[in-house]
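For reference, the structure discussed in these notes is given below.
The values are calculated or read from the model by the stated rules, or taken from the named source; none is laboratory data. Just so we're clear, the structure is a prediction, and the values are computed from it rather than from any experiment. Methodologically, a virtual Cβ is constructed for each residue, glycine included, from the backbone with ideal geometry; neighbour enumeration extends over all protein chains shown. Just the protein is used for accessible areas: all its heavy atoms, side chains included, with ligands, DNA and RNA removed. Shrake-Rupley method; radii C 1.70, N 1.55, O 1.52, S 1.80 Å.
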Amino acid sequence: MVGDVTAGTTAKITITSGLIYSNLLSKFGKDFALKFYMANFDAFNTISNIVNEFNIDCDYRVSSLYLYSSDENSFHLIKNEYDSLEELGVHAKLTDELPYPHKGLGILHDNQGEFHPKKYLNFFS
């Protein structure tokens, strides 16, 4: 049985966890950045497929991910990341329509996921 460390959390399942693709492109190039994206995309799909195949009751749902800044001095970082995603062919949207109460500029990634990690892991124990 999984302990209570993850009992009150929600695990996000996403293709990114920050502004990473612009950094990967500039430091390692397009091929590497695409491999990183595909590894995250494959992991996302694997978790989703496992939940569906085994009908795991773990509160899995599709959700959106916003990476944003409220600081105008950081908007260039958001724009650079968005440009990098476009270069890689990764679907995303540059937006200033953020969920309330947030204001600023962000990148919206649709069709991401979340689930209850303890419920997910308890299925396997």
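Only one of the values (1) 52, 37, 30; (2) 52, 27, 22; (3) 46, 37, 22 was calculated from this structure for Cα extents along the principal axes in Å; name its label.
Read-out taken from this structure: (3).
What is the dipole size for the chain, taken about its Cα centre, with +1 at each Lys and Arg Cβ and -1 at each Asp and Glu Cβ, in debye to the nearest 20?
Working: 10 positive and 16 negative charges, 46 e Å.
Taking the Cα centre of the chain as origin, the dipole is about 220 debye.
Positive end of the charge dipole of the chain (Lys, Arg +1 and Asp, Glu -1 on Cβ, about the Cα centre): tell me which of 69, 18, 106 has its Cα farthest that way.
The one lying farthest along the dipole's positive direction is 18.
How much accessible area per residue does the chain have, in Å², with a 1.4 Å probe?
63 Å²
Can you list the aspartates and glutamates whose alpha carbon is less than 19 Å from that of residue 35, not counting same-chain residues fewer than 8 positions off?
Excluding near neighbours in sequence, the set is 81, 83, 86, 87.
With a 1.4 Å probe and every protein chain kept in, tell me what percent of the accessible surface of the chain is carbon plus sulfur. Let's see the in-between values first.
On the way: 4050 of 7820 Å².
Result for the chain: 52 percent of the exposed heavy-atom area is carbon or sulfur.
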